[in-house]
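Engineer: Structure in structure tokens, see below.
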Amino acid sequence: MSMRYPTVGEVAVGIELTAESFAQRKALLTLTAEEEQLLRQVQPRMSAYTEQLIEAFYNHLIQFEGVSDLLKENATLQRLKVTQKRYFERLLSGQYDYEYALDRLAVGIAHQRIGLQPQWYTGAFGSFVQHFSLGLQHEFRYAPEVSSQVLTALNKLVLLDVTLALDAYSHAAHNAIMRARDDAQNRFDEQAKHIEKLAFYDTLTGLPNRNLLGELVEQQLTVTRREQRTLALIYMDIINLKEVNETLGHEVGDALLKAVSLRLKQTIREMDLLGRQEQAAGGALARITGDEFALACFVPDGDAVLSLVSRINKAFAEPFRIESAEVTVRKRYGVVLAPHDGDSYEILLRHADIALHQAKARADQVCFYDALLGLKIRERAYLARRLEAALVQGKGLELRFQPQICLATGQLCGAEVLLRWFDAELGWVSPNQFIPLAEERGLIDKITRKVLIMAGHQRRVWQEQGLLVPGRIQIKLAVNVSARDLDDSRFANDLLLLLAEEGVSPSDFELELTETGLMRDPEDAINMLHHLKEKGFALAIDDFGTGHSSLNYLKDIDADLLKIDMSFVRNLDRDAANRAIVQTIIATAHIFGMKTLAEGIENEAIADELKRMGCDFGQGYCFARPLTAKEFEQRWLSGQAADVMA
């Protein structure tokens, strides 16, 4: 005769489980209607994790000796998974009535039948909560407060379920069940503490993280309003952390961050900034991101912040010894003062970040936030969004062509292609505004490609009109290239594809790279330039004389043209020093077999002087301002075409 197992109804009677007693169990655990509703609301997003949670539940069980034998039959395991899946689906249903309790007992009975012990079962539930919490944190990573609330509700519900399951194992062994309950409670307490630590503390340094800092700063702001005090939020950036990671390795970088946090805590403790009164008000030191720390504390005024920074700098003057390396930490600070610079944590955090970035831009060590600075940052962000939209939509972007003239013959030899941008709301935006912004926001590669497409198309149009005839009327269009473009290994192939689509040749174009941009990473840049030249592009070094390139690099580049910066050309007839510099550049270029082009020629006298000095080509208002395609065609191409046809 086979063993008879108790039914769900029999177990319910044995443990005196009724609708009323189940409601009392929920009440004792303070599982509220609001929490039930919250669990119901997150069900659609968490249902995708059901299969993963079931696998984690049983994978945890079968790794223990004895359990694997109980679950070795696949059919048994699959039946249990089906039962468990039905339970997990109901876990977030938000309907926790008596029928739910009976369903929970059914799962417990199913595990009891195959001989699973309570300690194994509660351990598996611990694994389930851990995997569920990881999925929960991922789904609500931008709303940690929701994640924390859901986890609290889930812990109550799972504890309720575990007690039911344990009762189902043996309702007669009351003392054993109580011990298991205590064990389960301890497990979940530890799990809750672990989750809280992950949510509110930095795992590397042990400092509060961005989330906890927010709570502490809001407490401090309450004190600020009540007692009319000044709260400083100080962002500190470790400037050379990336350099340490790249040269010494990330393990050394992590060790350095730990050492930095310890020295910061020691320095602040010695200054008594976070004494008892400040701790009561929520004084805090936190790690915000990889290389950024934040300190929130009360100060009398801005001078006190500078004194604080000075003390920190003094404490950091001694290098850190990490393994066999000695590292000196370089820092910069962004500072906001509440309530003057903001009355909420998010506003203060944003303003402190703006001040920190401004310190970087100005090469200052300390920068205080001001409203005008914030306005400029917002304006630049808005301008960047408009520019990106223009690049995507192709609206408002136009080309201008500035003639390049052979000084010996006065004939057209080329044209520099310049981008102009008209925005429907902002009007004409100066290249001096949007080109540096594009460099900063990583849009410059899109601009380069956009200009090349537009220039290639225009050149093909002129060729089809007979205005540019290969072998007879031939000029090169000069397109500016950013140093960031050369960092992209796909750059050369992209250019070739773009020009091929427009039906023009690389030999029709000259690529201009500034001397300063070239020196950012000269060896890689030179390799890329050689590749481009092999494909037929002519190469020019723009603004020569303003950077710091060496003659060795100049020789290795094998450029075709040196463009002399306009700052040396404008006062050539009145400034002996500029004249000597220009003469030296021309001589240097000729030594290396390169031609020279002078920018910014404003009158014929300077053009004649450059011609006498041996300069090959010229560009500037003396010949023409940047022209639209139609103006360039009418003034510079139509006449040449007529001469050739004649």
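The values are calculated or read from the model by the stated rules, or taken from the named source; none is laboratory data. Worth saying up front: this structure is predicted, and the values here are computed from it rather than measured. Using ideal geometry, Cβ is built from the backbone for each residue, glycine included, and neighbour counts are taken over all protein chains shown. Areas reflect the complete protein model, heavy atoms only, side chains present, ligands, DNA and RNA absent. Shrake-Rupley method; radii C 1.70, N 1.55, O 1.52, S 1.80 Å.
Engineer: Name the pairs whose Cβ atoms lie under 8 Å apart, with the first residue in the stretch 234-260 and under 29 Å from H351 (Cα atoms), the second in a helix (DSSP H, G or I) and open to solvent by 60 Å² or more (accessible area, probe 1.4 Å), and 6 or more positions between them or separate chains?
Structural biologist: Going by the 8 Å Cβ cut-off, the qualifying pairs are D237/K360.
Engineer: Also, I was wondering about something else. Are any residues in the stretch 302-345 in a loop (DSSP other than H, G, I, E, B) and either over 27 Å from Q219 (Cβ atoms) or basic (K, R) (or both), and if so, which ones?
Structural biologist: Those that are in a loop (DSSP other than H, G, I, E, B) and either over 27 Å from Q219 (Cβ atoms) or basic (K, R) (or both): F316, A317, E318, P319, E323, S324, T328, V329, R330.
Engineer: A further question follows. Is at least one residue of the stretch 400-415 over 30 Å from G334 (Cα atoms), among the basic types (K, R) and open to solvent by 40 Å² or more (accessible area, probe 1.4 Å)?
Structural biologist: No, the conditions are met nowhere in the stretch 400-415.
Engineer: Across the stretch 10-22, what is the number of residues that are part of a helix (DSSP H, G or I) and either open to solvent by less than 40 Å² (accessible area, probe 1.4 Å) or touching a residue at least 12 places away in the same chain (Cβ under 8 Å) (or both)?
Structural biologist: Number satisfying all stated conditions: 6.
Engineer: Give me a count of the residues in the stretch 557-581 that are farther than 17 Å from A605 by Cβ and open to solvent by 70 Å² or more (accessible area, probe 1.4 Å).
Structural biologist: Matching residues across the stretch 557-581 total 1.
Engineer: For I62, state whether it is surrounded by 11 or more Cβ atoms within 10 Å (Cβ to Cβ), aliphatic (A, V, I, L, M), free of Cβ contacts under 8 Å to residues at least 60 places away in the same chain and in contact with a Ser or Thr (Cβ under 9 Å, 6 or more places away or on another chain).
Structural biologist: Yes, satisfied.
Engineer: Could you please tell me which pairs satisfy a Cβ distance under 9 Å, a separation of 6+ or placement on different chains, a first residue in the stretch 93-112 that is assigned to a loop (DSSP other than H, G, I, E, B), and a second residue that is of a type in the set (S, T, Y) and modelled with pLDDT of 75 or more?
Structural biologist: Taking only residues 6 or more apart or on different chains, the pairs are S93/Y100.
Engineer: Do we find that A455 is in a strand (DSSP E or B) and within 17 Å of L399 (Cα to Cα) in this structure?
Structural biologist: No, not satisfied.
Engineer: Here are the criteria: (1) open to solvent by 60 Å² or more (accessible area, probe 1.4 Å); (2) modelled with pLDDT of 85 or more. Tell me which single one R378 does not satisfy.
Structural biologist: All conditions pass for R378, except number (2).
Engineer: Going through the stretch 423-445 one residue at a time, which ones are open to solvent by less than 70 Å² (accessible area, probe 1.4 Å) and under 16 Å from N480 (Cβ atoms)?
Structural biologist: Across the stretch 423-445, the qualifying residues are S430, P431, F434, I435, P436, L437, A438, E439, L443, I444, D445.
Engineer: Quick check on R484: is it without any contact (Cβ under 8 Å) to a residue 24 or more places away in the chain and either open to solvent by 10 Å² or more (accessible area, probe 1.4 Å) or closer than 25 Å to L627 by Cβ (or both)?
Structural biologist: Taking the combined requirement at face value, the residue does not satisfy it.
Engineer: Taking A384, is it surrounded by 19 or more Cβ atoms within 10 Å (Cβ to Cβ), in contact (Cβ under 8 Å) with a residue 40 or more places away in the chain and small (G, A, S)?
Structural biologist: Answer is no for this residue.
Engineer: Something else about it: Quick check on the stretch 346-368. Is at least one of its residues open to solvent by 20 Å² or more (accessible area, probe 1.4 Å), assigned to a strand (DSSP E or B) and free of Cβ contacts under 8 Å to residues at least 12 places away in the same chain?
Structural biologist: no
Engineer: Residues in the stretch 30-59 that are surrounded by fewer than 15 Cβ atoms within 10 Å (Cβ to Cβ), over 16 Å from Q95 (Cα atoms) and of a type in the set (A, V, I, L, M, F, W, C): how many?
Structural biologist: Residues in the stretch 30-59 being surrounded by fewer than 15 Cβ atoms within 10 Å (Cβ to Cβ), over 16 Å from Q95 (Cα atoms) and of a type in the set (A, V, I, L, M, F, W, C): 1 in total.
Engineer: Taking the stretch 24-36 on its own, how many of its residues are assigned to a helix (DSSP H, G or I) and touching a Phe, Trp or Tyr at 6+ places or on another chain (Cβ under 8 Å)?
Structural biologist: Within the stretch 24-36, residues that are assigned to a helix (DSSP H, G or I) and touching a Phe, Trp or Tyr at 6+ places or on another chain (Cβ under 8 Å) number 2.
Engineer: Another question, then. Counting just the residues of the stretch 502-535 that are out of contact with any helix residue (DSSP H, G or I) (no Cβ under 8 Å at 6 or more places or on another chain) and modelled with pLDDT of 85 or more, which one comes out most open to solvent (accessible area, probe 1.4 Å)?
Structural biologist: E534
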